[in-house]
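Each remark here refers to the structure printed beneath this line.
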Amino acid sequence: MRRKLAAGNWKMNGLTASLSELTALASAHPDPAADLLICPPATLIAAAAQVCAGSPLAIGGQDCHAERSGAHTGDISAEMLADSGASAVILGHSERREDHEESSEDVRAKARAAHAAGLTAVICMGESLAQREAANTLNVIGGQLSLSVPDKSTAENLVIAYEPIWAIGTGKVPTTAQIGEVHDFIRTHLESRFGSDVGRGVRLLYGGSVKPDNAAEIFSVPNVDGALVGGASLKATDFSPIIKALEESA
């Protein structure tokens, strides 16, 4: 049975004062029926891990370099994230793929580094609006799955997040049928590639304008094991109802 997961991606938001939101979230969910993960900016990871020590909240990073160390000014290795208290890292987010021209091969190399450091890789993938309108969604997702996910992935060190690019931060959300089609496709792909035990064990998240008022409907879709939430994860009062909706779907 896959345990549900609610993950929050703070993106380039959050200062030291924002750590109080983690305290509030932990207080609101002392014994959650789902796993909780918050990925703050790198400047807050160590402090967030300290604040969340002993609570149900796990802390993750938003990206890592493929190398363990070296002359890579401004970059952070997976090992550094783990050393700071992170247990997971988001990789391949569309904003990284677009703004930093990251390829799926780059994402796979980073995921390998994450696994070597003992981190869970939350690998993101999704189609553009043009690709969706051209009925090319499954081809795009299939390619990203094949190239972004390392061969030695397991149900313990891999999470897949389907985030249609056209839905991120736009308020637009795919229909439940569209979400279900992609999640079912991902599940079938993983089972075919890794075998039924691993393929059925990997958690599949939906991301893209998830809010308290649409969370329950999204979580009712088969093979949706949780959400990767952006803006609504910045405030405990916004994220908590999403977590509750996920717990009720478990």
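None of the figures in this text is laboratory data; all of them are computed from the coordinates on show. Treat the numbers as computed from the prediction; the structure is a model and nothing was measured. Cβ coordinates were reconstructed from backbone atoms using ideal geometry, including for glycine residues, and neighbour counts include every protein chain displayed.
Tally Lys and Arg at +1 and Asp and Glu at -1 over the other residues with C-beta under 13 Å from the C-beta of Arg132: what net charge comes out?
-3
Starting from the Kirkwood radius over alpha-carbon pairs of region 149-214, derive D by Stokes-Einstein at 25 °C in a medium of 0.890 mPa s and give it in µm² s⁻¹.
Details: Rh = 12.8 Å.
Value of D from the Cα-based Kirkwood radius: 192 µm²/s.
To the nearest 20 debye, what charge dipole does the chain have about its Cα centre, counting +1 at the Cβ of each Lys and Arg and -1 at the Cβ of each Asp and Glu?
Value, rounded to 20: 280 debye.
Points 7 angstrom from Cα along the Cβ direction at Asp83 and Asp213: gap in nanometres?
4.6
Relative contact order of the chain: what whole-number percent is it, with Cα pairs under 8 angstrom and at least 6 residues apart?
Across the chain, relative contact order equals 21 percent.
Could the peptides 19-31, 78-90 be put in order, highest first, of the mean number of other beta-carbon atoms found within 10 Å of their residues?
My ranking of the peptides, most packed first, is 78-90, 19-31.
Put +1 on the Cβ of each Lys and Arg and -1 on the Cβ of each Asp and Glu in region 108-167; which of Gly118, Leu129, Pro164 then has its Cα farthest toward the positive end of the dipole?
In region 108-167, that residue is Gly118.
Where does region 126-250 land on Rg(C-alpha)/(2.2 N^0.38 Å)?
My calculation over the Cα atoms of region 126-250 gives 1.04.
Below 8 Å, C-alpha to C-alpha, sequence gap of six or more: please give me the relative contact order for region 33-92 in percent.
37
List the pair-distance distribution P(r) of region 180-250, using every Cα-Cα distance, as the percent of pairs falling in each 5 Å bin from 0 up to the bin containing the longest distance, rounded to whole percents.
Values per bin, smallest distances first: 3, 18, 25, 21, 14, 11, 6, 2, 0.
For a protection proxy built on the mean count of beta-carbon atoms within 10 angstrom, sort 3-9, 111-117, 183-189 highest first, please.
On the way: 3-9: 23.6, 111-117: 21.7, 183-189: 17.4.
Sorting 3-9, 111-117, 183-189 by mean packing, highest first, produces 3-9, 111-117, 183-189.
Could you state the principal axis extents of the C-alpha atoms in the chain, from the largest down, to the nearest angstrom?
45, 44, 34
Rounded to the nearest 500, what is the chain's calculated 222 nm mean residue ellipticity when only DSSP H runs of at least 4 contribute -39500 (n - 2.57) each, over all residues?
Values: 11 runs with 105 residues, N = 250.
-12000 deg cm²/dmol, from helical runs alone.
Checking the table Lys11/Lys152; Lys11/Lys211; Lys11/Lys235; Lys110/Lys211 against a 19 Å threshold on Cα-Cα, which pairs fail?
Among Lys11/Lys152; Lys11/Lys211; Lys11/Lys235; Lys110/Lys211, the Cα-Cα distance tops 19 Å for Lys11/Lys152; Lys110/Lys211.
With contacts defined as alpha carbon pairs under 8 Å and 6 or more residues apart, what's the relative contact order of region 19-67 in percent?
Relative contact order, region 19-67: 44 percent.
Taking the Cβ-Cβ separation of Ala46 and Leu147 as r and a Förster radius of 35 Å, what is the calculated FRET efficiency to the nearest 0.05? If you can, show how the numbers build up before the last one.
Numbers: r = 32 Å, r/R0 = 0.92.
My answer for the efficiency is 0.60.
Considering only DSSP beta bridges where both residues belong to region 5-249, give the percentage that are antiparallel (nearest 5).
Details: 0 of 29 bridges.
Bridges in region 5-249 are about 0 percent antiparallel.
Placing +1 at every Lys and Arg Cβ and -1 at every Asp and Glu Cβ, with all other atoms neutral, what dipole size does region 15-81 have around its Cα centre, in debye to the nearest 20?
For this selection, approximately 120 debye.
Treating cross-link reach as a plain straight distance, find the aspartates and glutamates whose alpha-carbon is under 15 Å from the alpha-carbon of Lys244, omitting any fewer than eight places away in the same chain.
Qualifying aspartates and glutamates at Cα under 15 Å: Asp31, Asp35, Asp213, Glu217, Asp225.
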